[in-house]
Amino acid sequence: MLGKLDWSAIPFDQPIPLVAGAMVLVAILGVLAWVVVKGHLPYLWHEWITSVDHKRIGVMYILLASVMLLRGGSDAIMMRIQQAVAYQSQGYLPPEHYNQIFSAHGTIMIFFVAMPFVIGLMNLVVPLQLGVRDVAFPTLNSVGFWLTATGALLVNISLVVGEFARTGWLAFPPLSELSYSPGVGVDYYAWSLQISGVGTLVAGINLVTTVLKLRTKGMNYLRMPMFCWTTLASNLLIVAAFPILTATLAMLLLDRYLGFHFFTNEAGGNVMMFMNLIWAWGHPEVYILVLPAFGIFSEVVSTFSGKALFGYRSMVLATMAICVISFMVWLHHFFTMGAGPDVNAIFGIASMIIAVPTGVKIYNWLFTMYGGRIRLATPMLWAVGFMVTFIIGGLTGVLVAVPPADFMLHNSMFLVAHFHNVIIGGVLFGAFAGFEYWFPKAFGFRLDERWGKAAFWFTFTGFYVTFMPLYIAGMLGMTRRMQHYDVAAWRPWMIIAAVGMAVLTIGVICQIMQLVVSIRNREALRDRTGDPWDGRSLEWATSSPPPVFNFAFNPDVRGEDAYWEMKAHARQQSFAHEEPEYQDIEMPRNSPTGFVCAFFATIMGFALIWHIWWMVILGGIGAFATFVVFAWRDHDEYVIPAEEVARIDRVNLEERRSLVSMAGAV
Amino acid sequence: MNLLDPQGPVAAANSTILVDSVFIMLVIVVPTIFAILAFAFWFRASNPKARYRPEFVYSGRVEMVVWAIPALTVILLGGVAWIGSHQLDPAAPVPGTGSPVRIQAVSLDWKWLFIYPDQRIATVNTLTVPAGAELNFQLTSSSVMNTFFIPQLGSMIYTMNGMVTKLNLRADNEGKLQGLSAHFSGDGFPDMMFDVNVISPLAFPDWVASTAKTDAVLNADSYKKLMQQGIERGRPTYRLEDPRLFDLIATQHIPPGPGPELASEAGRSHSGGHDAR
Amino acid sequence: MTMTATVGHARADPHHIGVVIEHPGPAPKRIVTAYGFWIFLLSDIVMFSCFFAAYAVLVGQTAGGPKGAEIFEQRNVAIETVCLLLSSFTCGMASIAADVRSRFWFYLGMSVTCVLGLIFLAIEFREFADLVARGYGPSRSAFLTAFFSLVGCHGLHVSAGVLWLLTMMAQVFAKGFRADVLRRMMCFALFWHALDIIWVGVFSVVYLLGGAP
């Protein structure tokens, strides 16, 4: 009846996951109870859960990422403590638990923190920057988000029901095959990634189509803000790379569920094929994450330097070059398999070539700052911190691309330090910069600068204190994923890293405090102009938060930095023109399709993991029925009448006029 | 286990390339970091002395330079990588004094088995080699993937079931080193550290002779016992019965290691995969 | 706000030489939908290419089991291919019928497509069942693993296509040729043709290359 599921699935003997799970459960139930008692449930349902508004979906993506950041961060804290204490002892985490933690940490941080964070920001901002009312496929967008959330939910369920994978975040066979990992851990891993992977693919298709087919009048390709370009590149990579992940995990699952022999030791399976396939996805994946961050930094550096982006075309070229080359370097993840010198050298050099466009980007940001009038607000602090940190990560990255050096550093703590250096220093700093930068746009008030700066400095310092010691430990021969060790020389560095982790944690607490303080002082921090940073692109041309239709009129773009130009002209002409003729606007209706579909996907995923076949069929029928019901609805759009558009737009315009006239007076 | 304290020519060459590459890159990285901080400081809005030049958004010369600097660095490093990859290919010979020693390494769950086919002995979790001689390693795995790595001798390499990888090393100085597995392989992974005793070439035959006196015999049966999952705290040694044992393992004539005992056999019967095995 | 009116001629784009063709604005829904679906199909083809790659890697790994030439029946495959190619034609007829709003020809075209798809699936299913019965199931060898997954993945797509086809017919029956129904019909036609293209690949790589003794 319940497949493999029975009471032994719940780890009564392990207090840590049980207590953590119980706390999370209590928190969720508490929030739910509060929502119901306060009568917010209808609001939540109509305005958020069923929303197909790209801004709302973007915010929900970021919320998901933030919550999962806390989960992944807790894993990180536990790992750092374990390695600090597990010298000549077993520490406080037994191997079967520790191995789950590092696997979950990697999986969560990449798939459920970094991915939703950047996809959320792209969702929130790109349609605004393109001057349009929504993404190409609004309902599908909602489906994509909810499927990502399903994946995250399944990973968290594994905390208390069953176990998570104990194989590392890429689940290399044959360790992840049924013979060596008979538990449900790898199944949790694979199914949650399959489900969220569908969500990511949907988001990728949606955003590619949006950028290529939905741009406002005059928004030629070479007038798009840099963030739109990096979004395009990143989502092209999603569309081309995520199917590889889907296929690879499908093969692994076929091995595990139906006794196939793709990657088994027996019957001619090929382990190296898994390595090749997973990294053919995995290397583009890191550029999927970091390219949007590059876009964010381009926007931030240009805005806060009060200058257009230096070498815009060169930046576009660099972005697309990275997009293409990132598919040709995957083999550098396994130089040590003994592929022969020619293959190694070619892939090593190809990997270094990526450093060229990346270096160009750094220099272009540098020259954007040159001759600028730099305001070191929080987003700009993150950007400068990123540039410094990312260069170091780039250096160590090129270093491990040199095959003979990689023969010493592969899989070592040095490598761990390297990819945290680029992922924290690049993606996470970028996500935080984007968060600080666009928060006023999404919610209509700014974030507290003091807490923001504190968060930056603690995170920045904490990062160095945590990860520089790991570089050194790697140079001392320490390999990754050690549950305990007996080498005295490694110990001091592990202790320093644990201290650094504490500093990083303070940084995260500051970030939370910033949010709390800002929400409390939201009236004082209110942004009435829609343009708190003196921005350059179209998202600042509408109010904060934008009306559901974004723009009363699709703007007409005549050059790069569209809004900057408009402001410059408005100053000269002081908005002396008549009121335009407002028209009715059609917007897509909200739809519970995404949520319901994800509900069935959760059931199906859970049932697949535990081999509860009747439930699988039930979930499948439910998901199909959901789509049919969606396809059957008669009205997929609603109309916002012209008077309503006019009313909303007049308020916005009034604020803006006062701003421009003030600026003109100065 | 310091990578910068090499004890053999391969490690020495590896770490030289490592250090050289870092220095080549530092030449441009340090000025760039400095420039970032300097520009961010000097062009701050509150500095009246800094000149605001909003029109400076394109310069062909600057573009040329910013593409050229990383490109030239990469060309230089690419040369290092190309030459280094060829000279330091794990399978490339490493000439040494005396006759080379053949060693066949098998990663087990979770211990290392070292077979000396010519000496007809085998050791677990301890590798004894003569200083100065070329060491020809052939490596495979009894079950899951591992990576064979002696940091101070250089160049790690994967071990995989059903496949043989090759690695040549040399240890120059007598002494005790440590090796490890550098690829996560399951619960006992951190205990896959092994000792490397580098002894004088004169003492090596004696060590071989004394090891060969052991009663324990390594053959297919005792190997199958050894490959059960578990951690080996001791340092057992064996007489090798059949010098072709390694080939039997590598060609899967001895089937791969069994993995963990199944907690619930009933649970697995639901999976269609059961009949496959 | 009135951005159309605010801008006279903005600062000329510094890099532009000569006349720039202005982007006309967002594309109509029909174009957007088809474009997005095209991109999905491309990603689907990437997924298939992984299975093709796996097949290419594992084709020699028969582990003592049968080789391709020993188990493929060219006659069945030929019938399958004819069915699928014909169904693409009838699917095209159904699309045209939808465009000219002819219900009769639409239903006829779709029904024939459906029947041909089902014949294809039936033959494939029989082939699979027969192989499994002879002990040549996917767990026999890595070659058979790759074969079953590649061909089976295509078969699953055809099954999903048949389900979609029936849903499409029901929708036209219930809703008529509405704009959104027509857009979906266009996507379905693209999907069905793409499956044909993939089948040509499967046919060539698996059956033609592998059928040679």
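Please arrange A:239, A:629 by counting, for each residue, the other beta carbons lying within 10 Å of its beta carbon, fewest first.
A:629, A:239
Tell me the angle of helix A:491-520 to the major Cα principal axis of chain A, expressed in degrees between 0 and 90 and rounded to the nearest ten.
With both axes taken from Cα atoms, the answer is about 30 degrees.
Which cross-chain or sequence-distant (5 or more) residues have an amide H under 5 Å from the amide H of residue B:121, H modelled 1.01 Å from N in plane?
Correct list: B:116, B:240.
Within the set A:38/A:453; A:217/A:361; A:567/B:49; A:4/A:55; B:176/B:213, which residue pairs have Cα atoms separated by over 31 Å?
Listed pairs above 31 Å: A:38/A:453; A:4/A:55.
Using a Gaussian network model on chain C with a 10 Å cutoff between Cα atoms, which of C:55, C:107, C:35 fluctuates the most?
Looking only at C:55, C:107, C:35, the biggest GNM fluctuation is shown by C:35.
Using 1/(1 + (r/R0)^6) with R0 = 22 angstrom and r between the beta carbons of residue A:519 and residue A:453, what's the FRET efficiency to the nearest 0.05?
0.75
So what J values fall out for segment B:229-245 if you push phi through Karplus, 6.51 cos²θ - 1.76 cosθ + 1.60 with θ = phi - 60°, rounded to Hz, Gly and Pro as x?
Values per residue, Gly and Pro as x: 4, x, 9, 9, 7, x, 10, x, 10, 9, 8, 8, 6, 10, x, 8, 3 Hz.
Going through the DSSP H helices of chain B, which span 20 Å or more along their own axis at the Cα atoms while scoring at least -1.0 as a mean Kyte-Doolittle hydropathy?
Correct list, ordered by number: B:9-42, B:60-87.
Report the rotationally averaged projected area of segment C:29-209 based on its alpha-carbon convex hull, in square nanometres.
10.2 nm²
Given the peptides A:448-456, A:82-90, arrange them by the average over their residues of other C-beta atoms within 10 Å, most packed first.
Ranking the peptides A:448-456, A:82-90 by packing returns A:448-456, A:82-90.
Quick check: residue separation of residue A:635 and residue A:222 times 0.36 nm, minus the Cα distance between them. What number comes out in nm?
Full extension from residue A:635 to residue A:222 adds 145.0 nm.
Express in nm, to one decimal, how much length is gained between residue A:88 and residue A:14 on full extension, taking 0.36 nm for each residue of separation and deducting their alpha carbon distance.
Answer, rounded to one decimal: 24.4 nm.
In sequence order, what are the phi-derived ³J(HN,Hα) couplings for segment A:474-485 according to the Karplus relation 6.51 cos²θ - 1.76 cosθ + 1.60 with θ = phi - 60°, rounded to whole Hz, with x for glycine and proline?
Karplus-based 3J(HN,Hα) across segment A:474-485 equals x, 5, 8, x, 6, 9, 7, 6, 8, 6, 7, 7 Hz.
List the residues, sorted by chain then number, that are 5 or more residues from residue B:5 or on another chain and whose placed amide H is less than 5 Å from its amide H.
Hits under the 5 Å cutoff: none.
Over all distinct Cα pairs, what is the inverse of the mean 1/r for segment A:397-521, reported as the Kirkwood hydrodynamic radius in Å?
16.0 Å
Taking the 0 to 90 degree range and rounding to the nearest ten, how far is the long axis of helix A:413-422 tilted relative to the main principal axis of chain A, both from C-alpha atoms?
Between the helix axis and the principal axis of chain A, the angle is about 10 degrees.
Looking at segment A:514-565, which GluC sites (Glu not before Pro) are DSSP coil and have at most 12 other C-beta atoms within 10 Å of their C-beta?
A:523
Excluding residues fewer than 8 places away in the same chain, name every one of the aspartates and glutamates whose C-alpha is closer than 18 Å to that of residue A:307.
Straight-line reach from residue A:307, under 18 Å: A:299, A:531, A:534, A:539, A:560, A:561, A:565, B:55, B:63, C:13.
Using the membrane-span-like helix rule (whole DSSP H runs, Cα extent along the own axis of at least 20 Å, mean Kyte-Doolittle hydropathy at least 1.0), which helices of chain C qualify?
Qualifying helices, which must be both long enough and hydrophobic enough, are C:29-58, C:103-133, C:142-175, C:179-202.
In nm, give the distance between the simple-model label positions of residue C:21 and residue B:91, each being 7 Å from the Cα along the Cα-to-Cβ direction.
According to this spin-label approximation, the distance is 5.3 nm.
Please figure out what share of the DSSP beta bridges in the protein assembly as shown is antiparallel and state it in percent, rounded to the nearest 5.
In the protein assembly as shown, DSSP labels about 70 percent of beta bridges as antiparallel.
So what's the projected area for segment A:1-269, the Cα convex hull averaged over all directions, in nm²?
Here the figure is 18.0 nm², rounded to one decimal.
Can you give the mean number of other chain Cβ atoms that lie within 10 Å of the Cβ atoms in peptide C:167-173?
That works out to 2 on average.
Fewest first, what order do A:424, A:509, A:609 take by the number of other Cβ atoms within 10 Å?
Ascending number of Cβ neighbours within 10 Å: A:509, A:424, A:609.
Could you work out which residue, out of B:148, B:246, B:41, moves most in a Gaussian network model of chain B, that is, has the largest mean-square fluctuation with Cα springs under 10 Å?
For chain B, modelled as a Gaussian network with Cα springs under 10 Å, the answer is B:41.
Across the residues of A:356-365, average count of Cβ atoms on other protein chains within 10 Å?
Per-residue shielding by partner chains comes out at 6.
Return A:470, C:131, A:178 ranked ascending by Cβ neighbour count within 10 Å, so the fewest neighbours appear first.
C:131, A:178, A:470
For a paramagnetic label modelled at 7 Å from the Cα of residue A:328 toward its Cβ, which residues of segment B:55-81 fall within the zone defined by backbone nitrogen distances under 19 Å?
Hits in segment B:55-81 for residue A:328 at 19 Å: B:67-68, B:70-81.
Pick out which of B:60, B:98, B:179 has the largest mean-square fluctuation in a Gaussian network model of chain B, springs linking Cα atoms closer than 10 Å.
Of B:60, B:98, B:179, the Gaussian network model singles out B:60 as fluctuating most.
Over the Cα atoms of the protein assembly as shown, what Rg and Dmax result, in angstrom?
31.1, 104
Taking the mean number of other Cβ atoms within 10 Å as a proxy for protection, how do you rank B:118-124, B:68-74, A:425-431, A:247-253 from highest to lowest?
In descending order of packing, they fall as A:425-431, A:247-253, B:118-124, B:68-74.
Under 8 Å for C-alpha pairs, at least 6 residues apart: give me the relative contact order for chain A, rounded to a whole percent.
18 percent
Can you give the local net charge around residue A:271? Use residues other than it whose beta-carbon is closer than 13 angstrom to its beta-carbon, Lys and Arg +1, Asp and Glu -1.
The answer is -3.
Partner chain Cβ atoms within 10 Å, averaged over the residues of C:45-52 - can you pull that number for me?
Mean partner shielding for this stretch: 5.
For the pair residue C:45/residue A:272, report the inter-label distance in nm, with labels modelled 7 Å from Cα in the Cβ direction.
Here the answer is 2.9 nm between the modelled labels.
Looking at the calculated P(r) for chain B, what percent of the C-alpha pair distances fall above 25 Å?
That tail contains 58 percent of the Cα-Cα pairs.
What ranking, highest mean first, results for peptides A:356-365, C:199-208 when packing means the other Cβ atoms within 10 Å averaged over each residue?
A:356-365, C:199-208
On C-alpha positions alone, give me the angle between the axis of helix A:271-305 and the longest principal axis of chain A, in degrees, nearest 10.
That helix lies at roughly 30 degrees to the long axis.
Full extension from residue B:55 to residue B:19: what is 0.36 nm times the residue separation minus their Cα-Cα distance, to one decimal in nm?
Length gained, residue B:55 through residue B:19: 8.8 nm.
Return P(r) of segment B:9-87 (all Cα-Cα pairs; 5 Å bins starting at 0; whole %; ordered from short to long distances).
Result returned by the calculation: 3, 11, 15, 17, 15, 11, 9, 7, 5, 4, 2, 1.
In whole Å, how far is the Cα centre of segment C:165-210 from that of segment A:246-285?
A separation of 29 Å, based on Cα centres.
List the pair-distance distribution P(r) of segment A:319-364, using every Cα-Cα distance, as the percent of pairs falling in each 10 Å bin from 0 up to the bin containing the longest distance, rounded to whole percents.
Answer for segment A:319-364: a P(r) of 28, 46, 22, 5 percent.
Could you pull out every residue, at least 5 positions away or on a different chain, whose amide H is within less than 5 Å of the one on residue B:147? Hs are placed 1.01 Å off N in the peptide plane, and Pro or chain starts have none.
Under 5 Å from the amide H of residue B:147: B:159, B:182, B:183.
7 Å from Cα along Cα→Cβ at both residue C:107 and residue C:208: what's the point-to-point distance in nm?
In this crude spin-label approximation the distance works out to 4.0 nm.
With the convex hull built on the Cα atoms of chain A, state its orientation-averaged projected area in nm².
Averaged projected area of chain A's Cα convex hull equals 29.8 nm².
Divide, for segment A:286-520, the radius of gyration over alpha carbons by 2.2 N^0.38 Å, where N is the residue count.
Normalised Cα radius of gyration, segment A:286-520: 1.09.
Strictly greater than 18 Å: what percent of every Cα pair in segment A:340-429 meets that?
Tail of the P(r) past 18 Å holds 52 percent of the pairs.
Rule-based calculations on the coordinates, nothing more; no lab input. Predicted model only: the values in this text are computed from it and were never measured. Every residue, glycine as well, gets a Cβ built from its backbone with ideal geometry; the counts of neighbours run over all protein chains shown.
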